[in-house]
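A.B. asks: Take this structure first; my questions come after.
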Amino acid sequence: MSEIEGAKKALEGVLEIIKGLKGITPEDRRSLLARAQSAYNVVAQNEKKIWLRTSLGKAMVGDLNSSSVTLLKAVEQFKDAAELESAMSNLEAQTRRIEEETCRRSMVVT
Amino acid sequence: MKLLITGGAGRLGAGVIRLCASEGYLVRAFDLPNVAWGTVSGIENVEIFKGDITDPAQVAGACVGIDAVVHLAALLPPSSERNRDLTMRVNVEGTSNILKALRPARRAPLILASSITVYGVTSGDEPPVGEDHVKMGTDNYSESKIMAEGLAESSGSPYTILRIAPVSVADLLELPETIPYREDQRVEFIYLEDAAHAIISVLEKPETRGRIYNVAGGSSWQMTGAEYIGRFYAALGVDVDPHFSEKHTALDWYDTSRSRLLGYQRTNFNDFEAKLRKVAEELGLR
C-alpha cells in the first residue's frame, strides 16, 4: 500500500471510530467528524497530483501518513481531548501544506 | 526611477519586480495584504505596499512619488469567470483608479498588462494575429481587458498596452481538469522572464507611448496545444493524461514583428525545455 493510500485508510478508520467514540459531547463529535472529513477530502482531491512525485511531495506524503496514523491511534486509545486535538491540529497543518503547494502549482492560462 | 508594480506578488509580478530591482529600479510592489508575499519580500530596492486595487484612496496613496506604473493586478481565469462583478471591479475599476491617481501630473506612464484574449477565438483566421485584429470579448476576463484598454486609451495620460500571451514558467505545474484549448489548436506562450524583459524595455523606450504591442514567445513557441503539453511534461520527465477542451478558445499564434523592437524574445522553446529538465532534476523527478 502506498503512503497516500495508507493515509486515506487511516482517515477512514478515524471517521468510523469518531462516530461511536464515547466520552465526547455530540457537538464535539460533529466538529471532529467535520474536521476529519475535511482532511480526508484534501487527501482524496490531491492524491493524483503530479507534484506528489517530487522529493518534496514524497516527504509531505510521508508526514501526512504519519500524522494520519497518529490521529488514528489517538482516537483508538482515546484518553483525553487535548491529545486528540493535538493530533488533529497536526494533521490539519499537513493538509494545509498540501493545499498550498497544489495552489502554487496550478496552471493559469490568461 | 521609481516604479509602482501592481499585482506585485503574483507570478508575473514577482518576476518583473526581481528583474527591475536587479536593474537598479526602485520598486513599490502593490498587492492584497493576504496574498503570499514571500516571493518579493526582502529584495533590495523593493518596498511592499499592501492594499486593494479597488480602493481609490489606497491606490492614490500607492501612486505618490511614482515615475511609472506597471499595472499587472487582475483577477484571472478561472476565478474571473466565477464572479463577473468582482472581475469588473478589479480589472476595470482598478485600472480606472490608477489612471485617476496619475491624472494630476499626467506624466507618469501606465504600462498596462492586457492579454491576447482580447482578440477572441481566431481559429478561423489566417495566423498570425496582429495588433490591428478586431477585438472580441469572449468571457469576463477578456471583456474586462478590452474595457481596461479603452480606459487607458481615452485617459489623456501616457500609456503603453502590452497584450501578453499566456506566461510559461519553468516549474512543475499541475494540469487543470480540462486544458483550456484544443489539442490541435494553435497556441503560443511566452517565457515569464521574456515577458518581464518586454515590460522593462517599454519603460525605457518613450517612443512606445500610445502604442499597443503583442508580447509572445516567437516562432519557436508556435505549436499545437498537444505539442506544447507533450513537450512541457516530457521535459519534466512526467507521464500525463491531458484532457483538452473540445472547443477552440482565445489562443493562437501572434504577430510580434511590431514588438520586436523591445528585444525581449530571448528564450526559445528549446532553451525553455532545458530549464524544465533542470527543474525536474532539482525536484527529484529525473
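A.B. asks: Charges on Cβ only, +1 for Lys and Arg, -1 for Asp and Glu, centred on the Cα centroid of the protein assembly as shown; of B:Ser259, A:Ala81, B:Pro33, which one is farthest towards the dipole's positive end?
C.D. replies: B:Pro33
A.B. asks: Show that you can apply the helix-only estimate: for chain B, add -39,500 (n - 2.57) for every DSSP H stretch of four or more residues, divide by all residues, and state [θ] at 222 nm to the nearest 500.
C.D. replies: My calculation for chain B gives -9500 deg cm²/dmol from helical runs alone.
A.B. asks: Stokes-Einstein at 25 °C, 0.890 mPa s, Kirkwood radius from Cα pairs: D for chain B in µm² s⁻¹?
C.D. replies: 127 µm²/s
A.B. asks: Shifting gears a bit: At 0.36 nm per residue, minus the direct Cα-Cα distance, what do B:Glu126 and B:Thr138 gain on full extension? Give it in nm, one decimal, please.
C.D. replies: Going from the current span to full extension adds 2.4 nm.
A.B. asks: Could you pull out every residue, at least 5 positions away or on a different chain, whose amide H is within less than 5 Å of the one on B:Val215? Hs are placed 1.01 Å off N in the peptide plane, and Pro or chain starts have none.
C.D. replies: B:Arg163, B:Ile164, B:Ala165
A.B. asks: Separate question: If B:Arg103, B:Arg82, B:Arg209 are ordered by their accessible area, calculated over protein heavy atoms with a 1.4 Å probe, which sequence runs from highest to lowest?
C.D. replies: B:Arg82, B:Arg103, B:Arg209
A.B. asks: Looking at chain B as a GNM with Cα springs under 10 Å, which of B:Asp241, B:Asp139, B:Asp255 has the largest mean-square fluctuation?
C.D. replies: Largest GNM mean-square fluctuation: B:Asp241.
A.B. asks: In addition: In whole Å, largest first, what are the principal axis extents of the Cα atoms in the protein assembly as shown?
C.D. replies: Between the extreme Cα coordinates on each principal axis of the protein assembly as shown lie 74, 46, 37 Å.
A.B. asks: Per q in 0.11, 0.17 1/Å, what log10 I(q)/I(0) does a Debye calculation on the alpha-carbon atoms of segment B:157-254 return?
C.D. replies: Values, matching the q order: -0.39, -0.80.
A.B. asks: About its Cα centre, what dipole magnitude does the protein assembly as shown give when the only charges are +1 on Lys and Arg Cβ and -1 on Asp and Glu Cβ, stated in debye to the nearest 20?
C.D. replies: Computed charge dipole of the protein assembly as shown: roughly 660 debye.
A.B. asks: Next up: Which pairs, out of A:Lys9/A:Lys58; A:Lys8/A:Lys79; B:Lys2/B:Lys145, put more than 22 Å between their alpha-carbon atoms?
C.D. replies: A:Lys8/A:Lys79; B:Lys2/B:Lys145
A.B. asks: So how far apart, in nm, are the two label points at B:Glu177 and A:Glu12 if each is 7 Å from Cα heading toward Cβ?
C.D. replies: 2.3 nm
A.B. asks: Okay, moving on. Starting from 0 in steps of 10 Å, tell me what percent of the Cα-Cα pairs of segment A:3-106 lands in each bin.
C.D. replies: 16, 51, 25, 8, 0
A.B. asks: Where the only charges are on Cβ atoms (+1 Lys, Arg; -1 Asp, Glu), what is the dipole of chain A about its Cα centre, to the nearest 20 debye?
C.D. replies: 320 debye
A.B. asks: Compute for segment A:1-61: radius of gyration divided by Kirkwood radius, i.e. Rg/Rh, restricted to C-alpha atoms, rounded to two decimals.
C.D. replies: Over the Cα atoms of segment A:1-61, Rg/Rh equals 1.09.
A.B. asks: May I pose another question? Using Cα springs under 10 Å in a Gaussian network model of chain B, which residue among B:Ser80, B:Ser257, B:Ser144 shows the largest mean-square fluctuation?
C.D. replies: B:Ser257
A.B. asks: Select from B:Ile199, B:Ile179, B:Ile17 the residue whose mean-square fluctuation is largest in a Gaussian network model of chain B (Cα-Cα springs shorter than 10 Å).
C.D. replies: Judging by the Gaussian network model, the answer is B:Ile179.
The values are calculated or read from the model by the stated rules, or taken from the named source; none is laboratory data. Just so we're clear, the structure is a prediction, and the values are computed from it rather than from any experiment. In this analysis, Cβ positions are derived from the backbone assuming ideal geometry, glycine residues included, and neighbour counts consider all displayed protein chains. Surface areas here come from the heavy atoms of the whole protein model, side chains and all, with no ligands, DNA or RNA. Shrake-Rupley method; radii C 1.70, N 1.55, O 1.52, S 1.80 Å.
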